[in-house]
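Below is one structure; the comments refer to it alone.
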Amino acid sequence: MESVASNQAKNEKRNGQRFRGRKQKHAEKRTRDSNKRTPNYDEIIKENVNFESYYKAQQIMKTEEEWQQFMEILRKPLPSDFRISSNCTGQTEKMRDLIQNLTSSVVANSNEEGEEPAKDIFVSPIPWYPDNLAWTINLSKSEIRRTPSLKKLHQFLISETSTGDISRQEAVSMIPPLLLDIKPGQSVLDMCAAPGSKTAQIIEMLHRSSNNDFIVNEDGTTLQDKQLINGLVVANDVDNKRCYMLIHQSNRLHSPCVVIINHDAANLPKFYRSGKDNKKSFLKFDRILADVPCTGDGTVRKNYDVWTKWNAANSNNFHSIQLKIARRGVELLAKDGIMAYSTCSLNPAENEAVIASLLNSAQGDLELIDAAKQIPQLKCRPGLETWTVMSRDNTIYSSYDEVGPNLQSQIKESLFPPKNAAELNLKFCIRVLPHYQNTGGFFIAILRKKTDKMPWESMRNDNAENIETKKVDEPKRIEKKRKGFMGHREDPYFFLKEDDSDWPILKSFYDFPDSFSVTQLAHRCSAGKRRNIYFLTELATDFMANNPHVKVITGGSRIFNRVDVQNVKCPFRITQEGIPTLFPYFVTKLSEFLPTLNNEDNPRFNIIDIDREHFVKLLKKEDLKMEEFDDEVRLRIANLSHGSCILYLQLSRPSPNESSKYILPIGAWKGKNSIRAYVARNERAHILRLCDEEMEPTVQEDKGPDESIEQQESEESEETMQQNKKTKLEQSIED
């Protein structure tokens, strides 16, 4: 017994020591992490002998004077740039005016006492970006935070970025989507999409010319000839965690055309679409963006690692994966489609070498488009036709024959300039150099596909036009279990049908036109009541239906949310993010959704306009009791059906279009004795700015939609009960 007790004591002591050891290790690690500090850009020694030797050998800079200008600008922090969303014409114009007013006050107040940094402040439109929708501030992010005169502009940018009406995006990163020339209704693939700033641009371009302009003509009629939003953006990233950054970007823009997937870009699966005679055909994309992983030495002005870790071998290693991604991209491109290949690297090993190899493999089925002609105000250097290949220690190799066997796995033959480089029109590529317009470094090549399939594609697998449905599904693969976190397991999408139990309720209450298809509605609830209903465009719906083998993270836009309130005809309310999608179905016949006197007998969805005073008051307070409305407005509000509704305000467009107006709609809920605006706080702040108002500061946190509605209903029910008790008491007294 003593030996057993002794051994038990020893084990407990040993376990305690082990446990205390782990605790101590964790504590030491936390201390080390807390002591770590990212060096300030000014503290970094901005020199790298290998970097300078390599780029001097490439002869990108033609003179010693230009080389000095190049190195001087690299040692300065990168300016801060941002872009105005172009989703809604009226709102875009107003946002541009607000920014112009804010920047004017910045320039006027930039000489205040104690101003930091001690240099002139310039806030101006980027000259080559259309319609003055992109702006630059000649200060870094840290400098902006330290500058008192920029405080108001800084807070404005943070607030508007959260709603998607502003995107903080580096100027050169805006170039590839512009060069893709995206048209409404097209299918677009973003192969390496995270973090999503370029994806956001693509989404905005697809939304352009759709009905969410909400413009009202001089005669008071809305535009009748606008098409409903359609198109498809497939945003892919290999990193599961980074896919959730894409969700954040797409959610800000409230777009039903987005599908986010999680695959290796170099090995993207085949995609399918609906074909003829109930068969499926291969889906090829009209536009593809291949913003491939790279060394990022064009970001040296904001990424200090480039100065400390750069060497030529990194670019040589990236070359192969970049070429694989580019090849897969052109395979998925439709005939006459356009693909943008881009990197934030200046290295020809990652740029011209990849494009030259791709063009030679295509045997004339691909051609380069002169990208510089499309943005004439952008200062850039044409692509190189010859370049120098080096190893990690900057040893120069004139040809692949000079590469020893031990380096052939790193230095591929495709890294070297081909003999026919002059025939490939590599000069049509563009290299943006930082010292030209005070930007980062960037490379872009625009390719057009001239045939249906590439020469290297298998005739047996890729030449079929239509495929039987039963042959589409890929065989199940038996994979070994891999240890560690492999990403979230997402709930599937279930699409509604005509016989769905929720559809008659939705259709009856909202009175959807025939053009609204129930098959574009989906939910992600396998059992029980559906909390949210999503809407996807026709092309996005088709993509989801025909590609069950694809790992989908999310898709579409949430347009309805279920509320647990009794005695309402329709338990689903329109979400604020759903308004850009749904309002186009109503905007051409707003008079048909006005409340009527018998609304209580036959509840139906209502849309009404209200004056600016009450619109602003509702947004600031979030909910208003009926007695807080003026008599005239109260009569109109009182006739609203109990449940979801839309309120809107008409605002004049900025000069020179002030003769016309645009509609500003918000989602609301009509209770028994009050009306509440269901708009997130940051969205309310944005809408109030469009009305030349500011959000009042508050210490209260926003409530969730369901909680707010239930609380509103319970408060009103309690108030009604108290009123009934009071009335009965008064009657009993009178009796």
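What follows is calculated from the coordinates using simple rules that are stated; it is not laboratory data. Note that the structure is a prediction, hence the values are computed from the model and not measured. No Cβ is skipped: glycine too gets one built from the backbone with ideal geometry, and neighbour counts run over all protein chains shown.
Table for the structure above
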item: Segment 605-655, dipole about Cα centre (Lys/Arg Cβ +1, Asp/Glu Cβ -1), debye to the nearest 20; result: 220
item: Inter-label distance, nm, simple model (7 Å from Cα along the C-beta direction), Glu65/Ile321; result: 4.2
item: Dipole magnitude of segment 230-317, debye to nearest 20 (Cβ charges: Lys/Arg +1, Asp/Glu -1, about Cα centre); result: 320
item: Point-to-point label distance, Gln408-Phe593, nm (Cα→Cβ direction, 7 Å offset); result: 6.9
item: Cα→Cβ-extended label distance, 7 Å offset, between Asp511 and Asp181, nm; result: 4.4
item: Sites Ala527 and Gln374, calculated FRET efficiency, Cβ-Cβ separation with R0 51 Å, nearest 0.05; result: 0.50
item: For segment 117-175 versus segment 322-367, the gap between their alpha-carbon centres in whole angstrom; result: 33
item: Estimated Rh, segment 552-697: Kirkwood, alpha-carbon pairs, angstrom; result: 16.1
item: Pairs beyond 28 Å (Cα-Cα), from Lys241/Lys324; Lys183/Lys453; Lys270/Lys529; Lys309/Lys373; result: Lys270/Lys529; Lys309/Lys373
item: C-alpha center-to-center spacing [segment 515-536, segment 616-657] in angstrom; result: 29
item: Linear extension gain, Arg681 paired with Met695, 0.36 nm per residue minus alpha-carbon span; result: 4.2 nm
item: Förster radius 56 Å - calculated FRET efficiency between Asp611 and Ala57 (Cβ-Cβ, nearest 0.05); result: 0.20
item: Chain lengthening between Thr308 and Asn267 when straightened (0.36 nm per residue, less Cα-Cα); result: 11.5 nm
item: From the C-alpha gyration tensor of segment 310-417, square roots of 5λ in Å; result: 26, 17, 12
item: Per-residue ³J(HN,Hα) for segment 59-75, Karplus 6.51 cos²θ - 1.76 cosθ + 1.60, θ = phi - 60°, Hz, x for Gly and Pro; result: 6, 5, 8, 7, 10, 5, 4, 5, 4, 5, 4, 4, 5, 5, 6, 5, 8
item: Extension reserve of the Ser104-Thr395 stretch, reckoned as 0.36 nm per residue once the Cα distance is removed; result: 99.5 nm
item: Dipole magnitude of segment 212-368, debye to nearest 20 (Cβ charges: Lys/Arg +1, Asp/Glu -1, about Cα centre); result: 620
